[in-house]
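Please treat every number below as a calculation from the coordinates, not as lab data. Source: prediction; values computed, not measured. Neighbour counts run over all protein chains shown; Cβ positions are idealised from the backbone, glycine included.
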């Protein structure tokens, strides 16, 4: 699983987000790290709708890092009210969030 996360991270850094999603979708299982990496990759390239769709999937695996990444994505794109709404929905918060 860790190798997949490294591979997906590398593709994200190279801007190959369509390839990343294809690899992600073909994986037999996902962990929280992969979900967070995929969501963060979308946010890095301004694809906030795609990030949110993935974040909201019924089978999404999320932790405080994933929630914080999504909230920060909204802030980055000046959608502060949506970031605030997401912040208050967070099941757990930490110092970073």
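Numbers below:
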item	result
Span from the region 62-94 Cα centroid across to the region 16-50 one, whole angstrom	17
Protection proxy ranking of 54-60, 40-46 - average other beta-carbon atoms within 10 Å, highest first	40-46, 54-60
Pairs of alpha carbons in the chain whose separation is greater than 17 Å (percent)	47
Residue-span extension gain [residue 61 to residue 25] - 0.36 nm each, minus C-alpha spacing	11.6 nm
Relative contact order (percent, whole number), region 2-89, Cα cutoff 8 Å, 6+ residue spacing	23
Residue 7-residue 92 FRET efficiency (beta carbon distance; Förster radius 35 Å; 0.05 resolution)	0.75
Ranked 70, 47, criterion: other C-beta atoms within 10 Å, fewest first	47, 70
